[in-house]
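The values are calculated or read from the model by the stated rules, or taken from the named source; none is laboratory data. The model shown is predicted, which means the values in this text are computed figures rather than measured ones. As a convention, Cβ positions derive from the backbone with ideal geometry for all residues, glycine included, and neighbour counts pool all protein chains shown.
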Amino acid sequence: MLAVAGYGILPVLTLLLVLPSARPVEDSICDTSSRLAPSSSFPANRDLLAAALPANASSTPTGFATLSAGTASPAYAMALCRGDANASSCAACVAIAFHVAVENCPNMTGATMYEDNCVLRFANRQFLDFLNAQQWQVDEISSLTRTADDIVPAVAVARFSAAATAILAAVSSRALAADSSNSTAKKYFATGEVAFDPRIYALAQCVPLLTPAQCSGCFGQLLKQIKVKLSKSKPIWVASRAQWCDLRYSVPPLYQGQAMLQLQAPPPTSPETPGAAETKKKTNAAGISVGIVCSLVLISILSVLVFIRSRTRTKTTEHDNPFKKISSAQCVIFDLPALQEATENFSQRNKLGEGGFGAVYKGTLPDGQDIAVKKLLGTAGHGLHQLHNEVLLLAQLQHKNLVRLHGFYSSRDDTLLVYEYIKNGSLDNFLSDTREGHILNWEQQYNIILGIAKGILYLHEDSSMRIIHRDLKPNNILLDDDMEPKIADFGLARLLGEGHTHTMTSGVAGTPGYMAPEYVYQQRVSPKIDIFSYGVLVLQIVTRRRECWSDDINNVNLLTEVWNHWRKGSIIEMMDHTLDEHTQNHQLRYLHIGLMCVQADPGDRPEISTVIFMLTRDNMELQPPEEPAFFFGSLKDLHSLPRATANSNFMLEEDISLNGVTITDPYPR
């Protein structure tokens, strides 16, 4: 028998080999009291659960499912995915949890596995009976409290603890409030953040089978354990988890998307000496009258100044951007004079670079914040209202591997985008600079390869809108102070429409050498064209090659060279010979993954979530790559290609819309 509690009988489904968590966490608790008996059928029953449970959990609205299999030596299992996990990452997380739990708890019939995106438990007994009112005992909940390796930057311990406790209590209450009368839809999940320095993120979640009272009690039990950790002399971040509930806070973000609730930081506390309170009362009493008089005078002066300034500016801004006064928490509408002043009127010495989308300038705001201002080409006087809405959408995309868009300015004459300033510049600089201290070591290469993949995953699957970048290349990968990669220019093709590229103007948007063949020749748009570009990037990073393509048909392109060496078994000739054997084996694996991403048939290329799974799980067997897609044409060939249309068969089959150039698929988060 294979039963799903609350969802009927489901067949055994094929596992989805996709991404686990963006920040993998593995903690397992083995049930040492239950050993596997010889010739037991439990492993076979457990394997049935491992095959079916990932798909079952990912297909439910709550990300939760339970299964049982077998009558002799039966196996029972339960999985709960984090409330913000999408279907693919949920399924992958549960699959991985099964695999790792079996590895970590050999010859045992019970284990609980905690991953960042999910929690899994399996056993040879029906452990859900613990939820019965007669058996539920909060004090008997088995939990795991885990502290981070990093220490929070030096802040006042008491104030940090107060902020962390407040947000944990708030998300617990919000998660309980998320319960609804429709039992199949309740999620018991909430996220929140505190405007502390550093910002504190938190999440709370309960298994949907719990009653509100049980969920509240479970949160309370975990909060007690967290408070013990918070009482230490140095601030840390803590995750306290049980199989029934999850309560965590962190300085790095814990979840995808915007927080469900936001709290202000608690006010700073300052110790008072004896008698200080009495002195303070007298001082306040004496100063109140003076303060009132001063305030009235100040308000009068400011009112006059504001009136004069508004009269002056009204005459000079009648024809300026109508959206200047509109702003949101994520996007600011800047004034042109402010950006001119910040960039020294877009002086050449502040110019960071230039491409088909426009030139980029470094600027410094009055508060000292450095920014990067991109002057877009070809947008003056066209579609201001649509542009405004698009920018507001793009500004809501926030991920550590995306360059953050702060805001914009747009008028009949200019369109300017304001981004965070990334000090180290683009990946292209490091691929072309062979000076000592500028060459990427293997750890940096690995982090860049993985970070780019996580950014693509967010754009393709986890963001509030689904975006295909279409111009992934070293120039569009920026590296911050920690050499963490950040994808730039995401959504610009969507924003500006067709015909804007860095090296050409045609019906396709992109850079030769990085564009998938089905996109170049047939204008077929899908996430797989970003996978192709990513594969080229991986090959460039590992081989440290700046150029991947040449307009000269007599020159050998990077894909050709890598494939020829791979086929001959001499690929090591393209790698760093100074690396040890272990590192070279890792590099060979990533070259293998890169070749899988540039295969000619888009159906053969893996999804980005599968790519990250392969990057982070060395024990996953890789399929041999097919011959890559080679492009030996010239820019003339690309200019002569027909423009893409919304009537493309590929577009209709994939049920996606053509918005300018970048495809977007909005869906509720």
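For this structure, a couple of remarks:
- Failed item in (1) at pLDDT below 90; (2) within 17 Å of PHE613 (Cβ to Cβ), with THR109 passing the rest: (2)
- Single unsatisfied condition, TYR409 versus (1) in the same structural domain as GLY353 (by TED's automatic domain parsing); (2) touching a residue at least 40 places away in the same chain (Cβ under 8 Å); (3) out of contact with any helix residue (DSSP H, G or I) (no Cβ under 6 Å at 6 or more places or on another chain): (3)
Yes or no, residue by residue, for (1) surrounded by 14 or more Cβ atoms within 10 Å (Cβ to Cβ); (2) touching a Gly at 6+ places or on another chain (Cβ under 8 Å); (3) modelled with pLDDT under 90:
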| site | (1), (2), (3) |
| --- | --- |
| ALA329 | no, no, yes |
| LEU336 | yes, no, yes |
| GLU341 | yes, no, no |
| GLN348 | no, no, no |
| ALA359 | yes, yes, yes |
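- ASN45 in contact with an Asp or Glu (Cβ under 7 Å, 6 or more places away or on another chain), outside the structural domain of TYR255 (by TED's automatic domain parsing) and at pLDDT 80 or above: no
- 3 or more residues at pLDDT below 90 and either aliphatic (A, V, I, L, M) or touching a Lys or Arg at 6+ places or on another chain (Cβ under 7 Å) (or both): qualifying helices (runs of 4 or more DSSP H) within the range 367-464: 384-395, 427-432
- Residue that is farthest from SER88 (Cα to Cα) [pool: residues in the range 599-617 that are assigned to a loop (DSSP other than H, G, I, E, B) and out of contact with any helix residue (DSSP H, G or I) (no Cβ under 7 Å at 6 or more places or on another chain)]: ASP601
- Criterion violated by MET483 - all others in (1) modelled with pLDDT of 90 or more; (2) in a helix (DSSP H, G or I) satisfied: (2)
- Pick from the range 518-539, criterion among the aliphatic types (A, V, I, L, M) and closer than 21 Å to MET465 by Cα, ranking: modelled with the highest pLDDT: ILE531
- Flag for ASN564 being free of Cβ contacts under 8 Å to residues at least 12 places away in the same chain and either more than 24 Å from HIS469 (Cα to Cα) or in the same structural domain as LEU472 (by TED's automatic domain parsing) (or both): yes
- Filter pass, VAL194 being modelled with pLDDT of 90 or more and either surrounded by 15 or more Cβ atoms within 10 Å (Cβ to Cβ) or of a type outside the set (Lys, Arg) (or both): no
Okay, residues lined up against (1) in contact with a Ser or Thr (Cβ under 8 Å, 6 or more places away or on another chain); (2) modelled with pLDDT of 90 or more; (3) not assigned by TED's automatic domain parsing to the domain that holds LEU472:
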{"residue": "GLU581", "(1), (2), (3)": "no, no, no"}
{"residue": "HIS586", "(1), (2), (3)": "no, yes, no"}
{"residue": "ASP601", "(1), (2), (3)": "no, yes, no"}
{"residue": "HIS639", "(1), (2), (3)": "yes, no, no"}
{"residue": "ARG643", "(1), (2), (3)": "yes, no, no"}
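Quick grid of which residues meet (1) under 16 Å from SER28 (Cβ atoms); (2) basic (Lys, Arg); (3) crowded, with 16+ Cβ neighbours inside 10 Å:
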{"residue": "ASN56", "(1), (2), (3)": "no, no, yes"}
{"residue": "PRO74", "(1), (2), (3)": "no, no, yes"}
{"residue": "SER89", "(1), (2), (3)": "no, no, yes"}
{"residue": "CYS93", "(1), (2), (3)": "yes, no, yes"}
{"residue": "TYR114", "(1), (2), (3)": "yes, no, yes"}
{"residue": "LEU120", "(1), (2), (3)": "yes, no, yes"}
{"residue": "LEU131", "(1), (2), (3)": "no, no, no"}
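- When residues in the range 96-113 are screened for being in contact (Cβ under 8 Å) with a residue 12 or more places away in the chain and closer than 21 Å to ASP618 by Cβ, 10 of them pass.
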